[in-house]
Amino acid sequence: MNLNNIQTQFTKMMGLKYPIIEAPMFLVSNVEMVVAASEAGALGTLPSLNYRPPEEFKKALVKIKEQTQKPIGVNLIVNKSNKRYPTDLKSSLDCGVECFITSLGNPKVTIKEAHKNGAKVFCDVTNLEHALKVQDMGADAVIAVCSGAGGHAGPLSPFSLIPWLKQKLDIPVIAAGGIADGRTLLASLALGAEAVSIGTRFIASTEAKVNQEYKQAIVDSNPEDIVMTEKVSGTPAAVINTDFVKKQGLKLNPVTKFLKNNPTTKKFVVPLIHLAGMKALEKAATNMSWKSVWSAGQSVGLVDDIKGCEEIIYQIVNDYHELKKGLPDEN
Ligand SMILES: Cc1cc2nc3c(=O)[nH]c(=O)nc-3n(C[C@H](O)[C@H](O)[C@H](O)COP(=O)(O)O)c2cc1C
């Protein structure tokens, strides 16, 4: 397709045609999605934890690198509970991964090791304090995770968080949360972002290996169907309010909550909540059952069809150009 590029500080840094990251999504992102997104001129990424055991992750990277020479990214959970972190970092560096997206925990080691390899590091942040910290550590950009995002959304509206970070930081800001079409891309760049990171839209892609009912639920849902539940990880996470989620409730029960906050029991209870939540997500994403816990953000309201990642990207870019032409004149 013959589309004009959209050049920003971010695309220049990464050598991309478009300032779009296909965001890493637990249980959803896979080799096919990353290859399709990167080949289309965006940046395909995936969480290392989608491939288990770690050897499978390395094999996935080799497969990706056989199919595209374009930049790709890996998401690493950099907190202490992720025991695979050093192995996955090494596999990524060995395979020549061009960038890392870090979430949870301290990204210092990733930044140091990635920079030795010439790779970039983008850190998920939800406020200025954390953004300044990662900037000081040497991060190459921050991903401003705003309210409405899929996964662990931040509390702030994109209207406050993106311009605020843009004003206070020297490194580029990437917008995440609620972006799914040309209009939201255009708005994000107008707010001061140098790129966008899009998750939910790509769940409804032909390449995603989740079940058809999950994809269809993304198409059928409205922003008002998205609720925040503590049942997945202990921290509020965005899910579609299915009958099962309604029945289960959104809050941890008081005993679990007490044990989770108690300094002596915390380290045993938090991993158990995670395990139970992840098992529920995995079941719902891969097998159809009435126990549906489908992770998604408020941009479901902008998703009307299931199509290939390349087509999704081209549509966003095409609509961006059309809308930009249609903005009011100065006179
Ligand atoms: C199903 C799903 C799984 C996600 N898993 C991860 C993950 O493993 N690591 C991560 O850093 N972010 C994860 N996220 C957050 C995305 O990377 C991204 O920040 C978010 O989807 C952007 O908001 P949007 O869904 O409104 O586009 C996930 C989001 C979704 C919807």
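The values are calculated or read from the model by the stated rules, or taken from the named source; none is laboratory data. Nothing here was measured: the structure is a model prediction, and the numbers come from that model. We place every Cβ from the backbone using ideal geometry, glycine too, and count neighbours over all the protein chains shown. Heads up: the accessible areas ignore ligands, DNA and RNA and are worked out on the full protein's heavy atoms, side chains in. Shrake-Rupley method; radii C 1.70, N 1.55, O 1.52, S 1.80 Å.
The rows are residues; the columns are (1) surrounded by 22 or more Cβ atoms within 10 Å (Cβ to Cβ); (2) within 15 Å of the ligand (Cβ to nearest atom).
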{"position": "Leu128", "(1), (2)": "no, no"}
{"position": "Val134", "(1), (2)": "yes, yes"}
{"position": "Val142", "(1), (2)": "yes, yes"}
{"position": "Ser147", "(1), (2)": "no, yes"}
{"position": "Ala153", "(1), (2)": "yes, yes"}
{"position": "Pro158", "(1), (2)": "yes, yes"}
{"position": "Leu161", "(1), (2)": "yes, yes"}
{"position": "Gln167", "(1), (2)": "no, no"}
{"position": "Asp170", "(1), (2)": "no, no"}
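For Val227, the criteria (1) more than 30 Å from Asp140 (Cβ to Cβ); (2) in the same structural domain as Glu310 (by TED's automatic domain parsing); (3) β-branched (Val, Ile, Thr) hold in every case but one, which is (2).
The conditions of being within 20 Å of Gly150 (Cβ to Cβ) and more than 13 Å from the ligand (Cβ to nearest atom) are met by Pro19. Might you check whether a residue that is modelled with pLDDT of 95 or more and at positive phi occurs anywhere in the stretch 41-57? The answer is yes, given that some residue of the stretch 41-57 is modelled with pLDDT of 95 or more and at positive phi. Restricting attention to the stretch 72-108, the residues that are over 18 Å from the mean Cα position of the chain (by Cα) and either in contact (Cβ under 8 Å) with a residue 60 or more places away in the chain or not assigned by TED's automatic domain parsing to the domain that holds Pro24 (or both) add up to 1.
The set of residues from the stretch 1-15 being open to solvent by 20 Å² or more (accessible area, probe 1.4 Å) and in a loop (DSSP other than H, G, I, E, B) comprises Met1, Asn2, Leu3, Asn4, Asn5, Gln7, Gly15.
Scanning the stretch 214-227 turns up at least one residue that is surrounded by fewer than 22 Cβ atoms within 10 Å (Cβ to Cβ) and assigned to a strand (DSSP E or B). Remark: Val125 falls outside the filter, which requires a residue to be of a type in the set (Val, Ile, Thr), within 26 Å of Gly96 (Cα to Cα) and free of Cβ contacts under 8 Å to residues at least 24 places away in the same chain.
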